[in-house]
Amino acid sequence: MELTTRYMTRNDCYKANQKISPKGIMVHSTATPGVMAADWFSRWNKSYQAGETSRQVAVHAFVDDKGVWQYLPWNHRGWHCGGAGNNTHIGIEICEPGGFSYGKGSAMVGYNVSMNEAYFRKAWQNAVELCVMLCREYDLTEKDIICHSEGHKLSIASNHADVMHWFPKHGKSMNTFRADVKKLLSTKNKPAEPVKKKYYRVQIGAYSDKANAEAQLAKAKKAGFTDAFIKYD
Ligand SMILES: [Zn+2]
């Protein structure tokens with residue numbers, strides 16, 4: 001499992017800076033086909049703007065077939081489940097693959113199971129390994145892991161279907177997920193420590209005026225540096 005940590009310091013939830021003692025893990029899936037873990041940084045690392053609702057959210061990590069992107073400290077109070085579960089649970093989102101759309105409610109329309117099987121297995125494995133790492137860090141077991149829809153049944157989360165609208169398509173459930181976590185937790189040899197990705201960043205300027213920074217960013221992107229971004233300190 002490859003773990004990249006990059007905190008969403010401009011997200012309102014990060015700024016709220018409330019802490020929790022994690023008592024469990026809540027597994028979500030994004031309901032946003034084809035948007036992978038790294039892509040959520042630019043989407044959510046922003047403050048709430050008048051008229052929006054979509055950014056009043058933050059989860060601890062996104063998981064896809066490549067690895068895990070951690071966006072909040074694990075003991076930060078997240079805004080992931082719209083209920084009391086935010087006070088106790090670490091929230092992780094498994095990214096859903098592309099190539100389908102959502103119909104009414106949580107119906108996945110045009111979801112190709114066999115085409116997505118390889119992606120699903122890798123993302124599943126990364127989610128299992130992340131849960132094992134967190135269980136060890138916070139002295140939890142597989143019993144402390146629920147999904148969003150189970151959280152709703154326990155009255156600690158809003159009424160969402162994830163992940164049970166998706167897992168069964170691949171013959172899986174939260175019970176088999178917990179079973180896989182239990183199995184890996186019970187292995188004597190701890191799994192390899194997550195690989196932390198290192199980055200060597202190249203800075204091209206420092207500005208006290210945001211407009212100047214944005215102008216320089218636009219210039220860099222125009223020059224072909226499409227991965228360029230502004231880092232606020
Ligand atoms: Zn959810």
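None of the figures in this text is laboratory data; all of them are computed from the coordinates on show. A quick note: this is a predicted structure, and the numbers were derived from the prediction, not measured. Neighbour counts run over all protein chains shown; Cβ positions are idealised from the backbone, glycine included.
Model label sites at F229 and S101, defined 7 Å from Cα along the beta-carbon direction, differ in position by 2.9 nm.
3J(HN,Hα) couplings calculated from phi for the stretch 28-40 with the Karplus curve 6.51 cos²θ - 1.76 cosθ + 1.60 (θ = phi - 60°) are, in sequence order, 10, 10, 6, 6, 10, x, x, 9, 8, 4, 5, 6, 6 Hz; Gly and Pro show x.
Principal-axis analysis of the Cα atoms of the chain puts helix 113-138 at an angle of about 90° to the longest axis. The peptide list 105-116, 123-134, 201-212, put in order of mean Cβ contacts within 10 Å with the highest first, becomes 123-134, 105-116, 201-212. Computed packing ranks the peptides 141-149, 18-26, 156-164 as 141-149, 156-164, 18-26, most packed first, by mean other Cβ atoms within 10 Å. In this structure, the amide hydrogen of V68, modeled 1.01 Å from its nitrogen in the peptide plane, lies closer than 5 angstrom to those of E2, L3, T4, counting only residues at least 5 positions away or on a different chain. Amide H contacts of H76: I20, each under 5 Å away and 5 or more positions distant or on a separate chain (H built 1.01 Å from N in the peptide plane; Pro and chain starts excluded). Percent of Cα pairs in the chain per distance bin of 5 Å, from zero to the largest separation: 1, 6, 13, 17, 19, 16, 11, 8, 5, 3, 1. Full extension of the chain segment joining T176 with N212 gains 7.7 nm, where the gain is 0.36 nm per residue of separation less the Cα-Cα distance.
Between 0 and 90 degrees, the angle of helix 174-185 with respect to the longest Cα principal axis of the chain falls at about 80 degrees.
The stretch between Q56 and T32 holds 7.0 nm of extra length on full extension. This uses 0.36 nm per residue minus the Cα-Cα distance. Amide H to amide H, with H built 1.01 Å from N, I94 comes under 5 Å of H28, S29, T30, V63, counting only residues 5 or more places away or on other chains.
Here R178, R6 are placed in order of increasing Cβ neighbour count within 10 Å, fewest first, which gives R6, R178.
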